[in-house]
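Visitor: Questions regarding the structure given below will be posed in turn.
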Amino acid sequence: MLDLDQRVADGLRELASRAPADADVWPAAERHVTRRRRRRRSLGAGFVVIALVGVGVATAAVVRSGPPKAVVATPGGRLPAKGPVDGSFTITASPTGRVLRFSPSSVTVRTGVYAITLVDGSNGTHSLAFDNPATLSSRGLIVSDTGERKTARVFFGRPGDYLFYCTVPGHRIAGEQGVVHVTGSAVTLAQAISDGRP
């Protein structure tokens with residue numbers, strides 16, 4: 001079966017052969033056939049591009065939905081509020097009631113899970129949060145009355161410095177921040193909460 005363009009060209013040649021000798025019919029017919037071929041090629045190329053983009057999007061979706069990296073399963077990415085700890089320490093916010101700072105502002109511990117208690121030393125709102133989400137803090141520590149105490153479990157899996165600060169606007173910049181220096185060998189959360197930990 002002949003190509004449609006070829007049939008059109010043949011039909012136009014037939015018309016041109018019947019036209020008067022001085023008529024300029026054939027160049028117009030040739031231009032028409034050429035334009036149609038270009039349009040078809042453009043449409044074909046457009047379909048190919050759309051198909052390639054679709055395949056790329058589908059591939060990206062499959063790659064993204066691949067198996068996640070191995071992480072310790074904790075509810076909502078946090079430690080449970082209750083459980084074993086390797087130790088505990090207390091931090092007082094605004095201990096004199098006038099200066100925005102933590103006391104102590106520096107603590108040293110070994111790797112593991114610790115119970116941190118925040119105490120309000122003034123009649124104002126204070127909080128304690130860590131910059132590093134790997135601490136898996138069990139809850140946000142917020143106190144707002146003199147003497148109020150809140151405790152959370154925090155995981156320090158690798159040696160290094162873990163910065164903590166008050167999230168109340170203006171408090172951190174005024175100096176209400178500190179650091180937990182962590183020593184010892186790196187541990188997983190499973191190792192830290194097990195009884196047989198090295």
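The values are calculated or read from the model by the stated rules, or taken from the named source; none is laboratory data. If you're wondering where the values come from, they're calculated on a predicted model, not measured in any experiment. All Cβ positions, even for glycine, are placed from backbone atoms using ideal geometry, and neighbour counts span all protein chains on display.
Visitor: With respect to D131, is the statement that it is exposed (fewer than 14 other Cβ atoms within 10 Å of the Cβ), free of Cβ contacts under 8 Å to residues at least 40 places away in the same chain, acidic (D, E) and touching a Leu at 6+ places or on another chain (Cβ under 7 Å) true?
Guide: yes
Visitor: Of (1) charged (D, E, K, R); (2) buried (at least 19 other Cβ atoms within 10 Å of the Cβ); (3) in contact with a helix residue (DSSP H, G or I) (Cβ under 8 Å, 6 or more places away or on another chain), R158 satisfies all except one. Which?
Guide: Unmet condition: (2).
Let's see how each residue does on (1) touching a helix residue (DSSP H, G or I) at 6+ places or on another chain (Cβ under 9 Å); (2) of a type in the set (S, T, N, Q); (3) closer than 24 Å to P84 by Cβ:
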site: G124; (1), (2), (3): no, no, no
site: G140; (1), (2), (3): no, no, yes
site: V182; (1), (2), (3): no, no, yes
site: T188; (1), (2), (3): no, yes, yes
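Visitor: So, one more: For segment 178-187, which positions are at pLDDT below 95 and either polar (S, T, N, Q) or surrounded by 20 or more Cβ atoms within 10 Å (Cβ to Cβ) (or both)?
Guide: Result: S185, V187.
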